[in-house]
1. Any idea how far apart B:LEU313 and B:GLU353 come out in nm if each label point goes 7 Å out from Cα toward Cβ?
2. Take the residue pairs A:LYS25/A:LYS190; A:LYS155/B:LYS155; A:LYS54/A:LYS317; A:LYS59/A:LYS113; B:LYS139/B:LYS169; A:LYS25/A:LYS54 and return only those whose Cα atoms are more than 23 Å apart.
3. Eigenvalues of the Cα gyration tensor times 5, then square-rooted: what semi-axes does that give for chain A, in whole angstrom, largest first?
4. Would you mind classifying the range A:143-240 by shape? Square roots of the alpha carbon gyration tensor eigenvalues, ordered a ≥ b ≥ c; an a/c under 1.5 is rounded, otherwise it is prolate if a/b is larger than b/c and oblate if not.
5. B:LYS268 to A:PHE71: FRET efficiency via 1/(1 + (r/R0)^6), r the Cβ-Cβ distance, R0 56 Å, to the nearest 0.05?
6. Could you check the simple spin-label distance between B:LYS8 and A:ASP182, using points 7 Å along Cα→Cβ, in nm with one decimal?
7. Within the range B:358-374, name every residue whose backbone N is under 20 Å away from a label modeled 7 Å from Cα of B:GLN24 along the Cβ vector.
8. As I understand it, the value is the acute angle between the Cα axis of helix B:235-245 and the longest principal axis of the Cα atoms of chain B; what does it come to in degrees, rounded to 10?
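Values quoted throughout were computed directly from the atomic coordinates according to the rules given, and no laboratory measurement underlies them. Since the model is a prediction, treat every value here as computed from it, not as a measurement. Cβ coordinates were reconstructed from backbone atoms using ideal geometry, including for glycine residues, and neighbour counts include every protein chain displayed.
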Amino acid sequence: MLELGTDEFAKYPFLEGAGKILKDKGFPLSQFGNDPDLKPVVEKAVHRLKVSTKGGIYKSEIIDGQASKSFILEKEIFSFLLAIVLIKLTGMHTLKKRFALAEARRAENHLEKDLGKASDKSKVDLAIRIIYDLFNIEVVKENDFFKIPVSDYLKHSVDFHEREWKLINRHVEDGKVLLTPDKTVRLIRKELSTYIISKISNAPTPPMISGLEKIVSELTSIGRDLTPSYTVITGEHPPCIKHAIEILEKGENLPHSGRFMLATFLLAKGQSVQQIAPLFKNAPDYNERVTLYQLNHLAGTYGSGTQYSCPSCEKLKTQSLCFATSECDNIVNPLQFGRKKNDARS
Amino acid sequence: MMQEADTKFLESSFKKYYFNHFDQIKVPDRTNEREFGYQKFNSGMSRHISIKDDKELHLLLIQNIPSDIYCSNAYYSFPNLPMNEKDWREADLIFDIDAKDLNLPCRIDHTVSICNECNNISKNSLQCTKCNSSKLEKKSLPCKNCIDASKFEVKKLSEVLIDDLDIDKDNIHVYFSGNEGFHVYAYNSQFQHIGSRERSELVDYILLRGTIPETFGMKKFKQDRTSFPNLDERGWRGRFAKHIFGSKSKRSKIITELLANGYSSFQKTLDDASDDIGVKIDPNVTMDIHRIFRLPGSINSKSGLVKTHCKDLARFDPYTEASFLSDDSVEIIANCPIEFKLKNKKFGPYNNEKISVPTFAAVYMISKKFARIA
């Protein structure tokens with residue numbers, strides 16, 4: 001475990017041990033409801049939360065990572081912890097997600113700064129150790145770059161959709177990927193917010209703190225407004241699926257990858273194997289028995305029981321199966337086509 | 001489906017090989033963590049088998065005389081249970097390089113179509129010239145050029161594995177597949193534990209697929225000559241530089257051309273480079289972490305040749321070093337329009353004629369559906 005000081009906890013308040021600082025101070029949670037001295041902490045926590053709901057990143061009072069006064073540092077840490085308490089009291093999942101994301105971005109900024117501090121080796125080492133302790137990635141600094149084992153890089157980048165994150169678009173040598181500080185940190189962004197989400201999820205929900213009821217109900221209503229509702233605006237299939245169906249209808253050969261896409265798409269849309277099978281009747285190599293077997297396999301009724309999911313747009317692009325139109329509207333999976341996000345506030 | 005006499009003949013030839021060559025058929029390391037599977041002639045696949053040692057393997061071979069036998073590159077806690085209960089632990093990296101995927105110009109010279117309805121052989125790949133059926137099966141007898149081109153891909157692959165991915169040279173084993181290409185294994189690498197999606201990214205890396213212009217120095221805006229790669233750079237940037245510039249002296253002039261042609265033209269250049277210098281591995285094989293892969297030392301029923309370890313790839317000649325069947329002569333009716341060489345002897349072409357040839361040549365032609373037992 002890392003040995004950290006208050007200034008480190010102020011930057012990374014989600015690390016193990018931050019809670020202990022609060023405990024050591026001897027403040028019971030109930031005191032935050034009525035102690036005027038603690039009011040600035042409550043206000044800060046609410047501010048921190050509200051900023052996150054608007055997609056912003058809370059600007060701390062830490063100046064260049066160094067706050068001189070210890071009470072400022074403590075306020076930083078306590079406001080984070082109290083924000084979590086408030087989220088637990090609202091029970092709003094959206095608030096949890098937005099807060100975790102914003103806090104992850106904030107920590108990301110600090111990590112990036114720390115990694116980039118060529119002059120201060122201890123800051124760099126700390127950032128490297130945080131990445132190792134939390135995500136088990138061994139980062140080695142070499143000149144201006146950070147070297148990460150290719151296998152670790154792949155485990156973390158595989159969910160990224162942007163092509164620049166494909167391994168082929170990275171500098172690779174000697175089994176390592178070379179990254180700049182910002183890319184190094186970007187690599188763990190998702191895990192960072194996942195880590196913070198799990199921290200929040202695992203925190204116990206305290207009983208309502210008297211004096212904070214109004215704040216909690218205000219936050220709850222903000223959270224409710226943010227919860228998106230999806231409605232189907234069109235029953236149409238995305239262009240890739242339409243194209244695949246057209247090919248089959250014409251009796252032309254659809255490659256295996258195309259059949260996989262079509263079948264997994266329709267299965268995910270709730271169609272049954274019996275409904276889908278006739279689509280393949282026109283294929284030049286149609287065999288009913290084989291088709292049913294394969295469809296059942298994809299649906300998870302046979303074989304390993306694994307239900308196969310519809311490939312992402314990025315994957316389909318590399319397989320030359322993507323025929324994107326403006327209607328696709330930057331979706332990342334064909335299944336999202338035509339699902340428009342309705343903003344509950346509008 | 002093959003005629004019974006043909007199947008019987010292949011079976012007895014395979015049995016003889018397995019009986020006489022136990023020394024060359026060894027179970028792979030960590031045997032009891034692997035899944036084995038086999039196919040018998042004219043029959044389905046038996047999978048989810050676990051084997052303890054060489055002895056058990058030899059027993060299986062003699063008792064079942066499989067047409068093909070396979071072993072997982074994956075390691076499981078319980079290899080003999082159904083797939084979702086096996087408990088996948090890790091898998092060696094595997095690669096398949098096949099001459100038929102290399103778009104070689106020689107291909108057309110030694111590929112024919114066999115009609116599934118009337119067995120007529122022709123060069124027409126769309127429909128049978130005799131009965132017009134469209135149920136055709138392509139058969140090819142790979143030539144020296146095919147093997148050399150495949151070897152070249154193996155060499156390119158090894159370079160990427162060693163230089164870029166830091167895989168120890170001694171942990172890379174190359175096998176002739178027994179038919180038209182090579183199988184490459186990489187053991188004990190940092191990639192043992194990665195899953196299928198991560199392996200798919202490795203595949204794209206090796207194929208040089210999914211590149212963006214920025215990676216190789218071309219920017220949409222604020223173009224900059226200095227960001228183009230140098231010939232002595234490591235990894236794909238260096239390989240691309242060698243390919244596109246040829247020599248240091250031509251670099252500057254070609255960069256000027258590239259910049260003049262613009263961003264989207266450069267993307268096209270990259271896509272073409274993938275065809276030219278990317279390593280042509282079969283993506284599906286490397287991505288599949290539950291595959292059972294042909295067992296080294298076993299016979300490939302597509303040819304009767306053995307999956308053979310290539311200790312010296314450059315000098316390896318599959319047509320002398322992977323043919324282990326007997327010289328006993330056997331009478332067949334051969335309809336083999338393509339000439340081939342096995343164990344330094346030339347055979348064919350044969351036009352529906354009854355001939356007497358050594359077993360190894362008879363098996364080769366029967367496996368390829370170019371002959372039947374007389």
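1. 3.9 nm
2. From the list (A:LYS25/A:LYS190; A:LYS155/B:LYS155; A:LYS54/A:LYS317; A:LYS59/A:LYS113; B:LYS139/B:LYS169; A:LYS25/A:LYS54), the Cα-Cα distance tops 23 Å for A:LYS25/A:LYS190; A:LYS155/B:LYS155; A:LYS54/A:LYS317; B:LYS139/B:LYS169; A:LYS25/A:LYS54.
3. 46, 27, 16
4. In terms of gyration-tensor shape, oblate.
5. 0.35
6. Label-label distance for B:LYS8 and A:ASP182, simple model: 7.6 nm.
7. Zone members listed by number: B:358-368.
8. It is inclined by approximately 80 degrees.
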